[in-house]
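Peer 1: Okay, here's the structure, questions in a sec.
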Amino acid sequence: MSQNDRAVDRNVAYRRHNGQRGPARQRILLVCEGKKTEPAYFRAFHLSNVTIEGVGMNTQSLVQRAVELRDEALRERRGYNAIWCVFDRDSFPADVFNQALALAQKNEFEVAYSNEAFELWYLLHFHYYQQASSRNQYEHLLSTLLTHPYQKNSETMYDELLPRQKTAIRNAEKLLALGSGNPERDNPSTTVHKLVEVLNRYVRN
């Protein structure tokens, strides 16, 4: 770690200890598939300019809910500068997943998708994974790597994984670079790191 990186990390730790955050320059809405897992992770950034909704919906239903939340905010004159949809590829039919991506693009929403599941983002903090795996395999691997049973709705994952976050971003970028460019087919792949990088701008400023 360079001297500048150490200084940044010390400043971040100081602001967190004193309840201070980076400037809220944009209002961001995150609409998450899960009601607990993803919201718990992103809430741990503690950013006042970010609204997080865990809607318990997936793919097209989730994107449609994001449209409703956007329109509601506009009616109340509190629109968002950016809206992110966070959902998994899972075992949904290809056309369902692709239609969700198309609907998000039509509405100019960003998408933080994971193929196959959000836990891939957690795994990338430890190693680069190129072989397709199922959700159940993710949970087993995480329990081994964390040296304690992985709890899907854990509220400590962000803090546990934070020291390895730069590794996760590099691994996620590598997966995308070596993939076919088709999110539905590229298992494993994720764009969660892109959302994390956006949020980090406000934590680290």
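Peer 1: Ranked from the most accessible area to the least, with a 1.4 Å probe and all protein chains present, what is the order of 170, 70, 89, 75?
Peer 2: Most to least solvent-accessible, the answer reads 75, 170, 70, 89.
Peer 1: A further question on this structure: Placing unit charges on C-beta atoms (Lys and Arg positive, Asp and Glu negative, everything else neutral), compute the dipole magnitude of the chain about its Cα centre in debye, rounded to 20.
Peer 2: For the chain, the charge dipole is close to 880 debye.
Peer 1: Kindly state, to the nearest 0.05, the FRET efficiency for residue 140 paired with residue 167, given R0 = 25 Å and r defined as their beta-carbon distance. Provide the component values of the computation, followed by the final result.
Peer 2: Values: r = 21 Å, r/R0 = 0.82.
Plugging the Cβ-Cβ distance into 1/(1 + (r/R0)^6) gives 0.75.
Peer 1: Relative contact order, percent, of the range 101-194 when contacts are C-alpha pairs under 8 Å separated by at least 6 residues?
Peer 2: 44 percent
Peer 1: Separate question: Under the 0.36 nm per residue contour assumption, what length would be gained going from the current alpha-carbon distance of residue 106 and residue 35 to full extension? Don't skip to the answer; put the middle values down first.
Peer 2: Numbers: separation 71, 0.36 × 71 = 25.56 nm, distance 2.48 nm.
Gain in length upon complete extension: 23.1 nm.
Peer 1: Looking at the chain, I'd like the Rg to Rh ratio, where Rg is from alpha-carbon atoms and Rh is Kirkwood's inverse mean 1/r.
Peer 2: Expressed as Rg/Rh, it is 0.96.
Peer 1: To continue, here is another question. Between residue 61 and residue 49, what length comes free when the chain is fully extended (0.36 nm per residue of separation minus the Cα-Cα distance, one decimal in nm)?
Peer 2: Here the segment from residue 61 to residue 49 would lengthen by 1.8 nm.
Peer 1: Fully extended, how many nm does the chain gain between residue 95 and residue 148 (0.36 nm per residue separation, minus their Cα-Cα distance)?
Peer 2: Details: separation 53, 0.36 × 53 = 19.08 nm, distance 3.73 nm.
Full extension of this stretch gives 15.4 nm more.
Peer 1: Could you order 174, 106 so the one with the most accessible surface comes first? Probe is 1.4 Å. The partial results should precede the final answer.
Peer 2: Values: 174 100, 106 165 Å².
Ranking 174, 106 by accessible area, largest first, yields 106, 174.
Peer 1: At 1.4 Å probe size, put 25, 43 in order of accessible surface, largest to smallest. Each step should come with its number before you reach the end.
Peer 2: Numbers: 25 170, 43 120 Å².
So the residues, ranked largest to smallest area, are 25, 43.
Peer 1: Ignoring ligands, DNA and RNA, what accessible area per residue does the range 52-205 give at 1.4 Å, in Å²?
Peer 2: 50 Å²
Peer 1: May I pose another question? In debye, nearest 20: dipole of the range 81-150 around its Cα centre with unit charges on the Cβ of K, R (+) and D, E (-)?
Peer 2: In total the dipole reaches around 60 debye.
Peer 1: Within the chain, what is the number of lysine pairs with alpha carbons under 19 Å apart, leaving out pairs fewer than eight places apart on the same chain?
Peer 2: Here the count comes out as 5.
Peer 1: Probe 1.4 Å, all protein chains in place: accessible area of residue 148 in Å², nearest 10?
Peer 2: Its heavy atoms expose roughly 70 Å² to the probe.
The values are calculated or read from the model by the stated rules, or taken from the named source; none is laboratory data. Keep in mind it's a predicted model, so treat the numbers as computed, not measured. Every residue, glycine among them, receives a Cβ derived from its backbone with ideal geometry; neighbour counts consider all protein chains shown. Side chains are part of the model used for accessible areas, which takes the heavy atoms of the whole protein and leaves out ligands, DNA and RNA. Shrake-Rupley method; radii C 1.70, N 1.55, O 1.52, S 1.80 Å.
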